[in-house]
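Working notes, beginning with the structure itself.
The values are calculated or read from the model by the stated rules, or taken from the named source; none is laboratory data. In this text the structure is predicted, and so the values were computed from the model without any measurement. When we count neighbours, we look across all protein chains shown, and the Cβ atoms used for this are built from the backbone with ideal geometry, even at glycine. Quick note on the areas: whole protein, heavy atoms, side chains included, nothing else; ligands and nucleic acids left out. Shrake-Rupley method; radii C 1.70, N 1.55, O 1.52, S 1.80 Å.
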Amino acid sequence: MIRRCLLFVFISFAIISAASAAVTRVVITEREPYEQGKVIEGIGSYEWIRGRVEFAIDPAAAANATVVDLEFAPTNDAGLVEFSADLEILAPVDLSKSNGAILYDVNNRGNRVCLGQFNGGGGDDFLLRQGFIVVWSGWIAELLPGGGRLLLDAPIATEDGRPITGMVRAEFVSDYPADRYQISHFGNHGSYPPTEKGLAEAVLTWRLNEADPRVVIPRSQWKLHREYVEADGRRSLLPKSEIEIAGGIQAGFIYELVYEAHGPIVQGLGLAGIRDLISHFKHAESEQNPLRVDGKAVARFAYGFGVSQSGRCLRQLLYDGFNADEQGRIVFDGVIPHVAGGGRGFFNHRFASPTRHNTQHDNHLYPADVFPFTYGQSRDPFTAREDGILARAQVAGTCPKVMHVQSSSEYWHRAGSLVHTDPEGKHDAEIPDGVRIYAIGGAQHGPGSGRVQEGGTGQLPRNPTDYRPVMRGLLMALVAWVQDETAPPANVYPKLADGTLANWSAEDSGWRALPGIRYPTVIHAPAFVNRGDDFLTKRRATIQPPLRIGTYGVRVPAYGDDDNERGCLLLPTVAVPVATLTSWNLRSREIGAETELLSLAGGYIPLPANREVREQSGDPRLSLAERYAGFDDYFAKYQAHVSRSIEDRYILEEDRPRLEQLAREQRGLFEE
């Protein structure tokens, strides 16, 4: 039964002195048993704890110096900037039964992701069976309320009491014809409101492909609809903005609206809030901390986990110096930025929009995939700057253990090679001792179910590789690395030095042409652009759209004889293949722009059944019958790879039955 605490009886933990810590109050409004009180062996029941956390930080403190526009945020009587965030915790009812570690799941656009990444597979409730205290909090202020999304409430920057204005750019692509469409590109997101002048003088353009010239749509042919959204007892900070175009919005085309806006959110407070919340839970020993046992903070360690956007958030948090709290203590002991590719994000800028990312077809020119890309030092060929993701943490002595995990799709869609090469893609980068990189080959951005599904919006069926067993194995290896100093599994990623990382063209990569399959003629390569004189130093864009100057050099895993990727960490479904599992897919004709990459997607191309079928179709890959003596031979090779992966600690023994079941389901491919 849910226990709801009304306002007049809510439990709050009030800080005696706001100057002593950034968390000023934790308000618990609801407690709910997990799965009707389900008992986890050795731990007992878990419970959901929901509420809000309130912050107040000093804009003059050195620890907050990287928060963009913090000096323009309103302050309270003590001269502190106040903000708040939604809070959610999944913890053992008896906290003494926990493993003493927080797993902080950086939510993706307000949505929780870690349970889907780690639970299931070898057994339900994986994270709970390990005893983790799982924590979420809101860190994005542009989200619309509703749908259970976790929100950040952050102040609007003003200068001398006047609204701050600036040019912004809103790009959107619809996969289907539409009468109206949100200019935020993603649903459930607000957009910065235009000034009166901005609305009158806004410029809307369209183009089919990212590199095509922009074509202006006359101002008389479109109008902007705006409304603030109210849900769950709160009002959106930014309006939901939809555009209506005469003749409708065409599938696959890139639309871009450039206008003068007002009211930039101090969005960098989202990063400061993550820092201060985790530090508070690790160190506060009074009633201000709900995660205590016998008056002591129960969490001795904290791990940060983020998927895609939220993985990029972790990289930005590290780069901006937020892994040191206001007292200089380490915040996250270990982090797993997952499928972040080479990017960071539009997270801590004037007129920031954290939802924006970079891919080949859409959102390509937002400031997400920007130098530096590597964790160690590298040199930007366009500015001659030398920098690295961990530069500030190295100076402060607050580097966490880092496991950078990415699918091979990140090499095509998210500039993943730049994580471990120089920015021109000419040399392998030096990887710091506290960093491990794992590139999962034959996989796409999001995990599949392990089973092929027909249909979808690509020219190929979606890549079915389920890499979640690797995520569980690596999480436990990270814990052992941090807490027991047990060396983690070896790096696995393709390298220029051994020829497993290559230029992406079919000829250079070793791709063998397959009948009826179109190989990509495009890839996502981050552009170096001119956003104006203030961007590099103040993160304020004054040129919209930005002016393209050059392109960073991206590479992809090289291909073997079966057109599967080399140099990567391979699941048994890829290492012992019944198909080619691509890290790319092209958009289907039905959604338009069919020469462009289908965002973040991979594909599936089955191997021919036998030599006769192979020769008739002109397929260069060995057939199943030529490759294996039969199902038993296939299954024995598959089992052997599972065993090696367990021995090398990339996956856990408990995932063996699930992986072997996927192989058993292939028996029909070997029957005459």
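Here are some notes:
- The listed peptides 141-153, 65-77, ordered by packing as a protection proxy, come out as 141-153, 65-77 (highest mean of other Cβ atoms within 10 Å first).
- Shape class of the range 521-645 from the Cα gyration tensor (axes a ≥ b ≥ c, square roots of the eigenvalues): prolate, since a/c reaches 1.5 or more and a/b is larger than b/c.
- Sorting the segments 538-550, 102-114 by their residues' average number of neighbouring beta-carbon atoms within 10 angstrom, most packed first, yields 102-114, 538-550.
- When the Cα gyration tensor is reduced to axis lengths a ≥ b ≥ c, the ratio a/c is 1.5 or higher for the chain, and with a/b not above b/c it is classed as oblate.
- Electrostatic tally near residue 204: other residues with Cβ closer than 12 Å to its Cβ, Lys and Arg +1, Asp and Glu -1, net +1.
- Accessible carbon and sulfur surface of the range 43-127 relative to its total accessible area, %, 1.4 Å: 47
- A simple rule links phi to the HN-Hα coupling: the Karplus curve 6.51 cos²θ - 1.76 cosθ + 1.60 with θ = phi - 60°, which for the range 621-632 gives 7, 4, 7, 4, 5, 7, 8, 10, 6, x, 4, 4 Hz, with x for Gly and Pro.
- Heavy-atom accessible surface of the range 240-318: percent carbon and sulfur, 1.4 Å: 43
- Distance violations [Cα-Cα > 21 Å] among 97/296; 426/538; 401/538; 426/495: 426/538; 401/538
- All other residues whose Cβ lies under 15 angstrom from that of residue 173 are scored, Lys and Arg at +1 and Asp and Glu at -1, for a net of -4.
- With Cα atoms defining each centre, the range 340-401 and the range 30-92 are spaced 25 Å apart in the structure.
- Value of [θ]222 nm, deg cm²/dmol, for the chain, DSSP H segments ≥ 4, -39500 (n - 2.57) each, nearest 500: -4500 deg cm²/dmol
- Cα gyration tensor shape of the range 275-390, rounded if a/c is under 1.5, else prolate or oblate by comparing a/b with b/c: prolate
- Of the accessible area of the range 481-559, computed with a 1.4 Å probe over protein heavy atoms only, carbon and sulfur atoms account for 47 percent.
- In summary, the lysines within cross-link reach of residue 223, defined as a Cα separation below 19 angstrom excluding same-chain residues under 8 places away, comprise 197, 240.
- Accessible area (Å², per residue) of the chain, counting only protein heavy atoms and a probe of 1.4 Å: 38
- Charges were assigned to the Cβ only: +1 to each Lys and Arg, -1 to each Asp and Glu. The resulting dipole of the range 442-512 about its Cα centre is roughly 260 debye.
- Near residue 249, once Lys and Arg are set to +1 and Asp and Glu to -1 for all other residues with Cβ below 14 Å from its Cβ, the sum equals -4.
- Mean Cβ count within 10 Å, highest first, over the residues of peptides 334-341, 480-487: 334-341, 480-487
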